[in-house]
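Working notes, beginning with the structure itself.
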There are 2 protein chains.
Amino acid sequence: VGNELLLGATIDTNGAWLGIQLADLGIPVRERRVVADHAGEIAHAVQECLKNAELVVVCGGLGPTPDDLTRQAVADAFGLALHTDPELMRGLEARFKRYGHTRLPEHNVSQAQVPQGATVLANPRGSAPGLLVPAPSGGWVVLLPGVPREMRGITLEEVLPRVATLFEDRLQPILQRWIRTTGIAESVLSERVSERLPGSIDPVELAFLPRLTGVDIRLTIAQGEGASSGAHLLEEVEALLAPVVDPFRYYADETGDVVEAVSRRLARAGQTVAVAESCTGGLLAQRLTGLPGSSQIFLGGLITYSDPSKIELLGVDAALIASHGAVSEAVALAMARGARSRLETDWALSITGVAGPGGGSEAKPVGTVWTAVVGPDTEHAQHRRFPGDREGVRVRSAQAALALLHSRLAE
Amino acid sequence: VGNELLLGATIDTNGAWLGIQLADLGIPVRERRVVADHAGEIAHAVQECLKNAELVVVCGGLGPTPDDLTRQAVADAFGLALHTDPELMRGLEARFKRYGHTRLPEHNVSQAQVPQGATVLANPRGSAPGLLVPAPSGGWVVLLPGVPREMRGITLEEVLPRVATLFEDRLQPILQRWIRTTGIAESVLSERVSERLPGSIDPVELAFLPRLTGVDIRLTIAQGEGASSGAHLLEEVEALLAPVVDPFRYYADETGDVVEAVSRRLARAGQTVAVAESCTGGLLAQRLTGLPGSSQIFLGGLITYSDPSKIELLGVDAALIASHGAVSEAVALAMARGARSRLETDWALSITGVAGPGGGSEAKPVGTVWTAVVGPDTEHAQHRRFPGDREGVRVRSAQAALALLHSRLAE
């Protein structure tokens, strides 16, 4: 729900995320609709969707402003009265007090309203709770805030467990395995995979999902009745692919984040890392500090965006920059050494490159990047030439540096 | 159209892009639907949408594989025969010859098929042409390939000019103005706006768009016949809102990025900035270096994630940390001073806080953040307590620091 989605000011990422979660649980999504902030349109869409599905998830329009109409629209459509939930009111008041307000803004009172018979789904990340509303004519409607962080939290913590119970007997889960790779192009990887698997692998399905940070291969099989044989088939295909994918593979949590893999290895070894960044401007450090508890493994970083700062902050030899250029193997290694000694860590990573759109030359075009890793008894630099725009080059550079550290830690 | 959209493997960016193009042309989008690769579902969705709109744009399902069903489904739904267009056949054959195939693959023949009465929309970027199909019951259906590059090309070159002619008399271009704010909660802002605009501002529409980095207010008006009076009305409403929004307002480009506003001011003044970050771990530097040409205004940054690194890299007095704690006004100011002197910039920003989930205390709970700005003849620190999880606190902290710099530069 939201004019901004129809106008194109916001790209609908919630829909895809929910699609993944529901499919994982075994609930196929039949249809998705985007409608305006208009009570009649919201009510009509919910009622139409209920003709075609037993569960309708509505995202957006639960905020405190007058153009947030979902709660009222659904209650009206179902002929359900709204009542103010005293516990939600107390929660809202406490929330606003906590953030320094003397009283609850009047507009927020609507967020404590609950349609008759609905279940409140706690939202510890924001002021609008989710709601699970039984439709009078059968079926269920879930109302969620449109803010992605809040929507995701409520879905994982409140919606999925309840829905799993509601549809217990009829879930059709899909078994899947992910092979996460980084450092190989999708077309090259898919060609090598085709050569390795010339015949059909039916009923296993294989999909390539390219991301800026690498290419994921997803192996899926409908679980059906034989869960154990399905898992076995997936393992067989994965084993067949090993010679092709293993050189580029990393192991990570469900989000496919190599930082998680690197952090776990460093923490287990009781080791620390520092970074020196030029063209990525802090992105590498930001990724390494994205997980809770990162201070255990990350001590600090130096973002040296100019030549003088590389010299002064990292101790890079000015003559090195003069003779090799700032984007070079020698400077990448010197930067990593500098970060390692300044921050007294076990490991250090560095990145120096041309993110563009300006700054490229014939010898070092936009996308040219040197990354280096320096650790106990090891030094290694890697040259890459990345496609993509400024953002793409930066994201790929940070990922390459993390993959480089991952490969050294894995040795 | 596409299973991958419902499963969440692909995020629907085409919908938003089309929404922008159509709104710019003066065609409001009433609704968007995502349906599976299933002929019945495609036909049903098109027919339902035609009840509610005079133009339906369908993206996807025009490829050569057996799960591409859109062309046939729409032709069947309208009772229109498909015939093979000889010119399209010649084009396809030439295209495949150009890429080294000896003959046209059999599957691709379907891409030369055209429903009776439809207009072919040339696609120089791919093998599937677009189609403009008149619905027998009135209204128009446009079929486009789902590949974004091809879809965009056909839309700009073929669809929009034709649609502008078809609906010539009734286009309703929308005028809009954005008011970007940061540092005020959506509910508080909307309450103040309501108090300021107690009556109707019809025909101007006002919407709040909350983001992690702040709340945008969008004012829109259908241009109708009086374009100049529409613009005038928007200006009037904006002027009315000034006393309420100005303390939190920043000026930015269309993307609403405060970095753009800060960078422009620094570049104009020939000044530079450096950063010292603790809990944001590089996010602030990353944002400042996100725009092309940022090396003109950004020299570098120090990410001091540990107490010793604050002391060694930034010259923060160890006694200061011992007496005030690392998350304090005194340390925030000392960090900014350190970055400014180490990198010899005009300005420096610092952030020190508790991003969570661990590390909070009763006196300094998760979300407690000090930001500081130090510049020519000015020093200022700001205490904030942000809601949200680790990611939310980090994003809001970086935004607060940028807003702090923006307010000082604006003075």
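Points to keep in mind about this one:
- In the context of the full set of protein chains, segment B:358-407 has a per residue accessible area of 38 Å² (1.4 Å probe).
- Taking the alpha carbon gyration tensor of segment B:1-66, multiplying each eigenvalue by 5 and rooting it gives semi-axes of 21, 15, 10 Å, largest first.
- In the elastic network of chain A, a GNM with C-alpha springs shorter than 10 Å, the most mobile of A:Thr213, A:Thr65, A:Thr181 is A:Thr65.
- Full-stretch length increase - A:Arg90, A:Leu209 - with 0.36 nm per residue and alpha-carbon distance subtracted: 38.3 nm
- Volume per residue of the C-alpha convex hull in segment B:173-266, rounded to whole Å³: 102
- Among the protein heavy atoms, those of A:Lys364 account for about 60 Å² of accessible surface (1.4 Å probe, every chain in place).
- Cα shape, segment B:288-411, gyration tensor, a/c 1.5 rule: oblate
- For B:Trp370, B:Trp178, the ranking by accessible surface with the largest value first comes to B:Trp178, B:Trp370, using a 1.4 Å probe.
- Shown here are the Rg and Dmax of the Cα trace of the protein assembly as shown, at 28.2, 85 Å.
- Solvent-accessible area lost on pairing A with B (1.4 Å probe, both sides summed) amounts to about 5600 Å².
- Other protein chain Cβ atoms within 10 Å, averaged over every residue that makes up A:60-69: 4
- Evaluated at q = 0.20 Å⁻¹, a Debye calculation over the C-alpha positions of segment A:1-112 (equal weights, vacuum) places log10 I(q)/I(0) at -1.14.
- DSSP bridge orientation in chain B - percent antiparallel, rounded to nearest 5: 75
- Qualifying GluC sites (Glu not before Pro) for segment B:134-240 [loop in DSSP, other Cβ within 10 Å: at most 14]: B:Glu225
- The antiparallel fraction among DSSP beta bridges confined to segment B:48-179 stands at about 65%.
- Around the amide H of B:Val215, modelled in the peptide plane, lie the amide H atoms of B:Thr181, B:Thr182, B:Gly183, B:Ile184, all under 5 Å away and 5 or more residues distant in sequence or on another chain.
- Percent accessible area from carbon and sulfur atoms, chain A, protein chains only, probe 1.4 Å: 51
- Residues A:Thr165, A:Thr368, ordered by accessible area of protein heavy atoms at a 1.4 angstrom probe radius and largest first, appear as A:Thr165, A:Thr368.
- Residues A:Tyr99, B:Tyr250, ordered by accessible area of protein heavy atoms at a 1.4 angstrom probe radius and largest first, appear as A:Tyr99, B:Tyr250.
- Within 10 Å of each Cβ in A:100-106, the average number of Cβ atoms from other chains: 3
- Per residue, segment A:192-320 exposes an accessible area of 44 Å² to a 1.4 Å probe, with every protein chain left in place.
- For chain A: Kirkwood Rh in Å [reciprocal of mean 1/r, alpha carbons]: 24.7
- Inter-chain Cβ neighbour count for B:185-194, averaged per residue, equals 6 (cutoff 10 Å, partner chain atoms only).
- Rounded to the nearest 10 Å², the accessible area of B:Ser229 at probe 1.4 Å: 60
- Whichever lysines have a C-alpha closer than 26 Å to that of A:Lys51, once near sequence neighbours (fewer than 8 apart) are set aside: B:Lys51
- A Gaussian network model of chain B, with springs between Cα atoms under 10 Å, assigns the largest mean-square fluctuation among B:Ala261, B:Ala185, B:Ala372 to B:Ala185.
- Within the assembled protein chains, the solvent-accessible surface assigned to A:Leu25 is about 40 Å², based on a 1.4 Å probe.
- Comparing mean-square fluctuations of B:Gly183, B:Gly367, B:Gly15 from a GNM of chain B with C-alpha springs under 10 Å, the top value falls on B:Gly15.
- Per-residue Karplus couplings for segment A:307-319, computed as 6.51 cos²θ - 1.76 cosθ + 1.60 with θ equal to phi - 60°, are listed in order as 4, x, 5, 5, 6, 6, 7, 10, x, 5, 5, 4, 5 Hz, Gly and Pro entered as x.
The values are calculated or read from the model by the stated rules, or taken from the named source; none is laboratory data. A quick note: this is a predicted structure, and the numbers were derived from the prediction, not measured. Neighbour counts run over all protein chains shown; Cβ positions are idealised from the backbone, glycine included. SASA here: full protein model, heavy atoms, side chains in, ligands and nucleic acids out. Shrake-Rupley method; radii C 1.70, N 1.55, O 1.52, S 1.80 Å.
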